[in-house]
Amino acid sequence: AAPEASEAVLAKMGTVINQTKTAGGETLTLNAAVWDGGSVRLSLTAKSPNLPTVVDRYTWLSSEGCTAKMPEEQWKAYVENKVESESAGLSKEKRDQWLQYLMEQGQRQTGELRPSLHLASREGDTVQLSASMIQDPYLEKPEITLHIENVEITGQGMEQPGTRSGDYLLKGPFEFTFTLDKGLSTVKYEGDVPVTCGKVPLRVRKFSVSPSIMVVDC
């Protein structure tokens, strides 16, 4: 009913980016990011004249050519804060060993900041993509560089002719650098509200809302 108002509300829930990069006739736009304090969700729009015949939301993608990283000084601070926050009960020696291990592993090997791409929809030569990755709240405004290339189709969730494993959705390469706004805290409500779902009486006791999910306890 009020698209402009909705856009304004959604913009406050995340980071509006709107960066567009072009490579080999392909165009990729990084629309926005939402950081809930535990993970980052990214919205992307890709346009290519060479999309495989059948590509839809059941298409599985490989994210091997996709990476994300912070500047080294931020990564060091992130790891130090992570170890300090999660090492309750450990000796100083164990904390130092863990810190050293994480630094030696580097950003790519720790399991964090590893984007996973998913295809949301397709219309003509345009596809909507989402990506997600772990990003704990150990820095207030981390700078992220997202690199995407060789996005390969690995299979189809439902039988569809015309799409083969090994086809490429996007070749790239594309690279975006942006700063995440501070992750929004989950908003929690408590109360005692009777509702009816169909013919089933329920009593809602509490629910929590984040930018990506709502959990109801009833």
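The values are calculated or read from the model by the stated rules, or taken from the named source; none is laboratory data. What you see is a predicted model, and the numbers here were worked out from it, not measured in a lab. Glycine also receives a Cβ, built like all others from the backbone with ideal geometry; neighbour counts cover every protein chain displayed. Note: accessible area is taken over every heavy atom of the protein model, side chains too, but ligands, DNA and RNA are not part of it. Shrake-Rupley method; radii C 1.70, N 1.55, O 1.52, S 1.80 Å.
Brief remarks on what is shown
- Test: residue in the range 50-62 that is of a type outside the set (Gly, Ala, Ser), crowded, with 18+ Cβ neighbours inside 10 Å and at pLDDT 95 or above: no
- Residue within the range 162-171 that is open to solvent by 50 Å² or more (accessible area, probe 1.4 Å), modelled with pLDDT under 90, closer than 30 Å to VAL54 by Cα and of a type in the set (Val, Ile, Thr) present: no
- In summary, MET70 fulfils each of the numbered conditions (1) farther than 12 Å from PHE176 by Cβ; (2) in contact with a strand residue (DSSP E or B) (Cβ under 8 Å, 6 or more places away or on another chain); (3) open to solvent by 30 Å² or more (accessible area, probe 1.4 Å) with the single exception of condition (3).
- Selection within the range 94-134 - assigned to a loop (DSSP other than H, G, I, E, B) and either of a type in the set (Lys, Arg) or at pLDDT 90 or above (or both): ARG114, PRO115, GLY124, ASP125
- Condition met for MET70 (in contact (Cβ under 8 Å) with a residue 40 or more places away in the chain and either touching a helix residue (DSSP H, G or I) at 6+ places or on another chain (Cβ under 8 Å) or more than 28 Å from VAL151 (Cα to Cα) (or both)): yes
- Neighbours by Cβ (under 7 Å, 6+ apart or cross-chain): first from the range 196-218, in contact (Cβ under 8 Å) with a residue 40 or more places away in the chain; second polar (S, T, N, Q): SER210/THR186
- Considering the range 113-137, and only residues there that are open to solvent by less than 40 Å² (accessible area, probe 1.4 Å) and not hydrophobic (A, V, I, L, M, F, W, C), the residue that is farthest from the chain's Cα centre (by Cα) turns out to be THR126.
- Qualifying residue in the range 9-32 (condition: over 23 Å from GLY172 (Cβ atoms), out of contact with any Phe, Trp or Tyr (no Cβ under 8 Å at 6 or more places or on another chain), open to solvent by less than 20 Å² (accessible area, probe 1.4 Å) and without any contact (Cβ under 8 Å) to a residue 40 or more places away in the chain): no
- Of the residues making up the range 82-96, those that are out of contact with any helix residue (DSSP H, G or I) (no Cβ under 9 Å at 6 or more places or on another chain) and either in contact (Cβ under 8 Å) with a residue 40 or more places away in the chain or open to solvent by 70 Å² or more (accessible area, probe 1.4 Å) (or both) are SER85, ALA88, GLY89, LYS92, GLU93, LYS94.
- Taken over the range 119-141, the residue count meeting the criterion of being under 25 Å from TYR78 (Cβ atoms) and not polar (S, T, N, Q) is 9.
- The set of residues in the range 183-204 that are under 30 Å from GLN135 (Cα atoms), in a strand (DSSP E or B) and either open to solvent by less than 60 Å² (accessible area, probe 1.4 Å) or at pLDDT 85 or above (or both) comprises LYS188, TYR189, GLU190.
- Residues of the range 138-149 satisfying the condition of being crowded, with 16+ Cβ neighbours inside 10 Å and not charged (D, E, K, R): TYR138, LEU139, PRO142, ILE144, LEU146, HIS147, ILE148
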